[in-house]
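Engineer: Take a look at the following structure, please.
Just so you know, all these numbers are worked out from the coordinates, no wet-lab data involved. All figures in this text were calculated on a predicted structure; none of them were measured in a lab. Cβ placement follows ideal geometry from the backbone for every residue including glycine, while neighbour counts extend to all protein chains displayed.
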Amino acid sequence: MFCRPIHTGIGEVMVRPIGPGDADMAQAFVDGLSGTSRYFRFFAALKGLSPGMLDRFIRTDPPNHMALVGIAHVQGRQSIVGEARYALNGDGATADIAVAVADAWQRRGVATGLLDMLERIAAATGVTRLTGESFAVNETFLSFARAFGFKVRPDATDRSFLRIEKQIGECTFIRLGGTRDPGG
């Protein structure tokens with residue numbers, strides 16, 4: 001298992017794949033997100049993860065579904081402060097992504113570091129395009145996505161959503177630290 005650091009200015013964040021042993025930290029991470037951050041991440045006003053949602057959150061199926069978490073020491077204990085994941089679509093070349101960062105850790109390079117690593121893993125498994133969606137009012141995420149190289153376009157069926165898309169290749173690089181994360 002790999003573990004990579006992200007240097008944030010308020011503490012180091014270690015990045016690794018999520019696993020079944022992370023259930024308590026994962027639930028605490030989601031519970032600790034502001035209502036707005038939870039709504040933007042899950043597209044629903046939920047208070048926490050149901051047992052079924054938690055199980056899906058911590059169990060992955062590489063290379064079809066990969067999830068990375070950023071772990072930092074917060075108030076004397078290890079805590080998840082960010083997560084990024086992709087789920088492979090049926091075509092085998094496109095993957096949908098999701099990213100969330102604890103409110104206190106936003107704009108510190110966590111989302112950039114997580115998504116850099118996730119993109120590299122996806123490219124190594126043959127993914128050539130990353131896609132996702134966002135509420136049109138989530139300007140912070142959309143600004144981050146644009147800065148990260150995603151194209152933003154309207155959703156074909158629902159004007160309250162925007163689609164993001166990025167072509168990726170075999171030569172993606174991980175930017176660790178020193179990069180300002182404009183939104184995530």
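Engineer: If amide hydrogens are placed 1.01 Å from N in the peptide plane, which non-local residues have theirs closer than 5 Å to the one on residue 74?
Structural biologist: Residues meeting the amide H criterion: 79.
Engineer: Another question, if that's okay. Enumerate the calculated ³J(HN,Hα) couplings along the range 139-150 in order (Karplus 6.51 cos²θ - 1.76 cosθ + 1.60, θ = phi - 60°), each rounded to whole Hz, writing x wherever the residue is Gly or Pro.
Structural biologist: Per-residue couplings from phi come out as 4, 4, 5, 5, 5, 4, 4, 4, 5, 7, x, 7 Hz.
Engineer: Right, another one. What's the exposure ranking of 86, 39, going from fewest to most Cβ atoms within 10 Å?
Structural biologist: Fewest-to-most ranking of 86, 39: 39, 86.
Engineer: Using only the Cα atoms of the chain, what semi-axes does the equivalent ellipsoid have when each is the square root of 5 times a gyration tensor eigenvalue? Give whole Å, largest first.
Structural biologist: Three semi-axes, in Å: 22, 19, 18.
Engineer: Using amide H atoms built 1.01 Å from N in the peptide plane, name the residues 5+ places from residue 18, or on other chains, whose amide H lies under 5 Å from its own.
Structural biologist: Result for residue 18 returns 67, 68, 69.
Engineer: Below 13 angstrom from the Cβ of residue 23, what's the summed charge of the other residues (Lys, Arg +1; Asp, Glu -1)?
Structural biologist: Numbers: positive: 56, 59; negative: 22, 24, 31, 55.
Its environment carries a net charge of -2.
Engineer: Mind giving me the nanometre distance, one decimal, between the label points for residue 65 and residue 89, set 7 Å out from Cα along Cα→Cβ?
Structural biologist: Calculated label separation equals 1.8 nm.
Engineer: Right, something else. With +1 assigned to the C-beta of every Lys and Arg and -1 to the C-beta of every Asp and Glu, and no other charges, what is the dipole magnitude of the chain about the Cα centre in debye, to the nearest 20? Provide the component values of the computation, followed by the final result.
Structural biologist: Details: 21 positive and 19 negative charges, 68 e Å.
With Lys and Arg at +1 and Asp and Glu at -1, about 320 debye.
Engineer: I would also like to ask the following. Within the set of other residues whose C-beta is less than 9 Å from the C-beta of residue 99, count the net charge using Lys and Arg as +1 and Asp and Glu as -1.
Structural biologist: So the environment of residue 99 carries a net charge of +1.
Engineer: If you count the DSSP beta bridges with both ends in the range 4-167, what percent of them are antiparallel, to the nearest 5?
Structural biologist: 90
Engineer: Per residue of the range 28-34, what does 6.51 cos²θ - 1.76 cosθ + 1.60 with θ = phi - 60° give for ³J(HN,Hα)? Whole Hz please, x for Gly and Pro, Karplus curve as stated.
Structural biologist: Those phi angles translate into 5, 4, 5, 4, x, 5, 5 Hz.
Engineer: Contour minus end-to-end for residue 53 and residue 36, with contour as 0.36 nm per residue of separation and end-to-end as the Cα-Cα distance?
Structural biologist: That pair, residue 53 and residue 36, stretches by 4.3 nm at full extension.
Engineer: Read phi for every residue in the range 62-76 and hand back ³J(HN,Hα) as whole Hz from Karplus 6.51 cos²θ - 1.76 cosθ + 1.60, θ = phi - 60°, with x for Gly and Pro.
Structural biologist: x, x, 6, 8, 10, 9, 10, 10, x, 10, 9, 7, 10, 6, x
Engineer: Next up: Using the count of nearby Cβ atoms within 10 Å as a rough guide to exposure, how do 135, 141, 150 rank from fewest to most?
Structural biologist: Lowest count first: 135, 150, 141.
Engineer: Tell me what the chain gives for mean residue ellipticity at 222 nm when only DSSP H runs of n ≥ 4 count, each as -39,500 (n - 2.57), the sum divided by the residue total, rounded to 500 deg cm²/dmol.
Structural biologist: When only DSSP H runs of four or more count, the value is -8000 deg cm²/dmol.
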